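Every number here is computed from the coordinates shown, using simple stated rules; none is lab data. Source: prediction; values computed, not measured. As a convention, Cβ positions derive from the backbone with ideal geometry for all residues, glycine included, and neighbour counts pool all protein chains shown.
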Amino acid sequence: MKDFSAVMLGAAAMADLVASLFFLRFWRQSRDSLFLCFSIAFAIDAAIRLMLGLGHISDEQQPFFYLARLAAFCIIILAIVQKNWPRRRDV
């Protein structure tokens, strides 16, 4: 059963990496910081899943994995808030 778990973590890491590359491409086209933040968040998640899949970690209930995922989610939340924050126009 451990092998299946590693395969699923690898598939999820690959999906996260593909999403990260898509958002990076959108950022290069538009220079919108929202896309860059999403790309960074998905890259962090891909790295965490890759470490879980390749490493000999007994469980993912270690603080490092939670803190890394928390950082990724905070990046996404801050990017959305920054994008929707009303901007003051200079008159």
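Brief remarks on what is shown
- Charge context of Arg31, other residues only, Cβ under 15 angstrom, K/R +1, D/E -1: +2
- Prolate/oblate/rounded label for segment 2-84 (Cα gyration tensor, a/c 1.5): oblate
- Relative to the Cα centre, the charge distribution of the chain, modelled as +1 at Lys and Arg Cβ and -1 at Asp and Glu Cβ, gives a dipole magnitude of about 560 debye.
- Think of the chain as having a plus end and a minus end, set by charges on the Cβ of Lys, Arg, Asp and Glu; of Leu34, Phe65, Leu9, Leu34 sits farthest toward the positive end of this dipole.
- Highest-MSF residue in the chain out of Ser39, Ser20, Ser30 [GNM, Cα springs under 10 Å]: Ser30
- Between the helical axis of 2-30 and the longest alpha-carbon principal axis of the chain there is an angle of about 20 degrees.
- Between 0 and 90 degrees, the angle of helix 63-84 with respect to the longest Cα principal axis of the chain falls at about 20 degrees.
- Cleavage-rule hits (trypsin sites (Lys or Arg not before Pro)) in segment 1-47: DSSP loop, at most 12 neighbouring Cβ within 10 angstrom: Arg31
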